[in-house]
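Let me begin by presenting the structure, written as structure tokens, before commenting on it.
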Amino acid sequence: MDLPFDLITELERVLGRSAAAAGLPEDFSPDLRPADPRFGDIQANGVLAAAKAARANPREWAARLVEVLRADPEVAGRYEVSVAGPGFINFALTPEALLGWLRGFGSEEELSRAAGDLYRGRTWVVDFASPNTAKQMHVGHLRSIVVGESLCRILAFCGAAVIRDNHLGDWGTPYGKLFYAYRRFLDPERLKADPLEELERLYRLADEKSKQDPEVMEEARRELVRLQSGDPESLKLWEEVNRLSIEALEEIYQALDVRFDHYLGESFYRDKVEPVCEELTRLGLAEESRGALVVFHPEHPRFATQPFIIRKSDGASNYATTDLATMVYRVENLKADGIVIVTDSRQSDHFEQLWLTTRKWFEKTGRPLPEFQHVVFGTILGEDGKAIKTRTGDPIKLKALLAEAVERARQVVREKNPELPADEVEAIAAAVGLGALKYADLSQNRTSDYTFSWDKLLSFDGNTAPYLLYAVTRIRSIFRKAGVDETALDVGAATPPETEAERALARKLANLAPVVRQTVTSLRPHVLCTYLYELSGVFSSFYNADRVMVEAPEVRARRLLLCQRTLLVLEAGLHLLGLKTLRRM
RNA sequence: GCACCCAUAGUUCAAUGGAUAGAACAACGGCCUCCGGAGCCGUCGAUCUGGGUUCGACUCCCGGUGGGUGCACCA
């Protein structure tokens, strides 16, 4: 029995024609969703609202609809259909249908091909990470990197052509100060040892000096002017700083298994901002205010008076200008149908103004309007409930955080599994430590702040990476022990799920599609995390209740199939989150 | 002052307007002739407050209270 990947989308079509046949209104919306397992696999709630609107009896409508549905070839044999409560319609997959679905998708490629119906043919630009050059990354950069990478993978899984863009802060006023100090106080040894550390030291030095000494401030300003006016020597230095910065950033990205297609930072747009101001002025969207060029949005409660400044009173552009130029570039050159920008929630005002402005601007100029999503996230809090800091009050360096994650994981692995060879311990420690760090971030609704706790994120209990990674290794262990190659399973030998634990597991697996759909449309990876955690739980219960390696060949075959598909979905899901999975740990 | 976000068990978190609000930690009690006990099963325990909309509200609307964030030339 061939079943579609996304059962709900399929069933929606069936309900469309069935509703008409049952005499329900033209515009009937079935309102399908995954059901509480107590009631079935899928539930339709739409009858309640529709009947209410028509002042009809919902139970009677539901009964009529069910009668038509039961006769439908795409329903009969696949679902047990029933009416419950005030007019809910419940669909429970038959064991044969569950088996059919399980057989259908046997690899990550097959899953992705099926999920690819969602965004196929569409191009999405994902703008994430976006640190400043000449500075070390700290904890504050972690969420954008982790969430952004995961969203890229999920969008690609769903068929989109994804362009990963790191919109570096690589231009602007800090360079004046940095160059001032670079020319006077550079320590070449330190630069060699840790470029970002040294560049950061130089910047801080200049920043302090400039606060005390107006002469220094003036010199820094001259440095900036030299750079911005294209002085070759300044540009050379700028390029050098950039090169060192990107190299250092990439070291960390590599450790985190994150990559970019472009590093189109602010500097890339510096010759593209003039037309922005011209166009917006010509179109009457921008106006002069207090010497600056700004955009107001009269229809908005706040942006009617809070300006979006696109040219400062000194004539220079700012990040509003470059961001507007960036919107154009992404639509016209990168052909983006969708744009995702991943930053913390403090920049919400800016991006709301950016989008309001872009919409009006693009409409007036006939440019295609992309889908725009500002993906915001909250702050990482320490256990004191305040933004996480070191004891001395400085931000925690990202490099140090990653190292600590790996070190802590290493200790646990050594303790739990002392006989593993050293190099494997390292690989496991990296996968577990960095995975735990990422997962802690992803598993929580990104819009809220989250409380950071090493104990919690490295725990083997609860919704954590170690628990999920463990579930993966345990399944692999079954295949190892049984001497069965999990990639070459005889799926034809399996019989439909029978025991309660088997059925629960099969149903959970078959619910993957709506979870992926919800994750990608809401751009919230925690939806996927919750599902994977629940799946692991259901698997563990199954594993505890039903022995896999039994004598009866058909029972064994179907349990091996369940194991293999669970392994597949778990690994595929963890990979979408940016985690590496393990064979043993 | 204006705007945005948040408020759910003792704690950390879930719950696209649907049926009895789910987990984990902590506490307590079970399961070791069993494929990895890093596990499984169970008990106890919560929607900040007052209105409203709805057949149905943790969810939507209005008013409070308590926290976070942002608001003219940094990004």
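The values are calculated or read from the model by the stated rules, or taken from the named source; none is laboratory data. Values in this document were obtained by computation on a predicted structure and should not be read as measured data. For neighbour counting, all protein chains shown are included, and Cβ atoms are generated from backbone atoms with ideal geometry for every residue, glycine included. Ligands, DNA and RNA are stripped out before the accessible areas are found, and what is left, the full protein with its side chains, is counted by its heavy atoms. Shrake-Rupley method; radii C 1.70, N 1.55, O 1.52, S 1.80 Å.
Taking each residue of the stretch A:192-218 that is closer than 16 Å to A:Met137 by Cβ and looking for partners that are open to solvent by 70 Å² or more (accessible area, probe 1.4 Å) with beta-carbon atoms closer than 6 Å, six or more apart or interchain, yields A:Glu198/A:Arg190; A:Glu200/A:Lys135. The C-beta contact set for the stretch A:520-549 (first residue in the same structural domain as A:Pro466 (by TED's automatic domain parsing) and within 15 Å of A:Leu567 (Cβ to Cβ), second residue more than 9 Å from RNA strand B (Cβ to nearest atom) and among the basic types (Lys, Arg), distance under 6 angstrom, 6+ apart or interchain) comprises A:Leu535/A:Lys508; A:Val538/A:Lys508. How many residues are surrounded by 14 or more Cβ atoms within 10 Å (Cβ to Cβ), among the basic types (Lys, Arg) and more than 30 Å from A:Gly315 (Cα to Cα) if we restrict to the stretch A:157-200? The total comes to 2.
Restricting the search to helices (runs of 4 or more DSSP H) fully inside the stretch A:414-491 and requiring at least 2 residues that are in the same structural domain as A:Gln373 (by TED's automatic domain parsing) and within 26 Å of A:Ala255 (Cα to Cα) gives an empty result.
Taking the conditions exactly as written (more than 8 Å from RNA strand B (Cβ to nearest atom) and of a type in the set (Val, Ile, Thr)), does A:Thr357 satisfy them or not? Yes.
From the list A:Lys399, A:Lys416, the lone residue that is under 22 Å from the mean Cα position of the chain (by Cα) and open to solvent by 70 Å² or more (accessible area, probe 1.4 Å) is A:Lys399. Consider the stretch A:235-255 and keep the residues that are surrounded by 19 or more Cβ atoms within 10 Å (Cβ to Cβ) and of a type in the set (Gly, Ala, Ser). The one that is farthest from A:Pro131 (Cα to Cα) is A:Ala248.
Residues in the stretch A:42-59 that are more than 8 Å from RNA strand B (Cβ to nearest atom), touching a helix residue (DSSP H, G or I) at 6+ places or on another chain (Cβ under 8 Å) and open to solvent by 50 Å² or more (accessible area, probe 1.4 Å): A:Asn57 only. The residues on offer are A:Ala49, A:Ala20, A:Ala115, A:Ala44, and the sole one that is outside the structural domain of A:Ile163 (by TED's automatic domain parsing) and farther than 30 Å from A:Glu371 by Cβ is A:Ala20. Could we say that A:Asp441 is within 7 Å of RNA strand B (Cβ to nearest atom) and under 25 Å from A:Arg524 (Cβ atoms) here? So A:Asp441 fails the test.
Every test in (1) in contact (Cβ under 8 Å) with a residue 60 or more places away in the chain; (2) under 25 Å from A:Leu574 (Cβ atoms); (3) open to solvent by less than 30 Å² (accessible area, probe 1.4 Å) is passed by A:His141 save one, and that test is (3).
Residue by residue, here is whether (1) closer than 30 Å to A:Val328 by Cβ; (2) in contact with a Gly (Cβ under 9 Å, 6 or more places away or on another chain) holds:
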{"position": "A:Arg359", "(1), (2)": "yes, no"}
{"position": "A:Gly385", "(1), (2)": "no, no"}
{"position": "A:Ile388", "(1), (2)": "no, yes"}
{"position": "A:Asp394", "(1), (2)": "no, no"}
{"position": "A:Lys399", "(1), (2)": "no, no"}
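Residues considered: A:Leu224, A:Leu244, A:Leu155, A:Leu199. Of these, the only one that is in contact with a Pro (Cβ under 6 Å, 6 or more places away or on another chain) and in a helix (DSSP H, G or I) is A:Leu244. Restricted to the stretch A:298-335, and to residues there that are open to solvent by 60 Å² or more (accessible area, probe 1.4 Å), within 26 Å of A:Asp261 (Cβ to Cβ) and part of a loop (DSSP other than H, G, I, E, B), the residue that is nearest to RNA strand B (Cβ to nearest atom) is A:Asn333.
State whether one or more residues within the stretch A:113-128 are open to solvent by less than 30 Å² (accessible area, probe 1.4 Å) and in contact with a Ser or Thr (Cβ under 6 Å, 6 or more places away or on another chain). Looking through the stretch A:113-128, at least one residue is open to solvent by less than 30 Å² (accessible area, probe 1.4 Å) and in contact with a Ser or Thr (Cβ under 6 Å, 6 or more places away or on another chain). Residues in the stretch A:492-536 that are in contact with a Pro (Cβ under 8 Å, 6 or more places away or on another chain), of a type outside the set (Asp, Glu) and not in a helix (DSSP H, G or I): A:Pro496, A:Pro497, A:Asn511.
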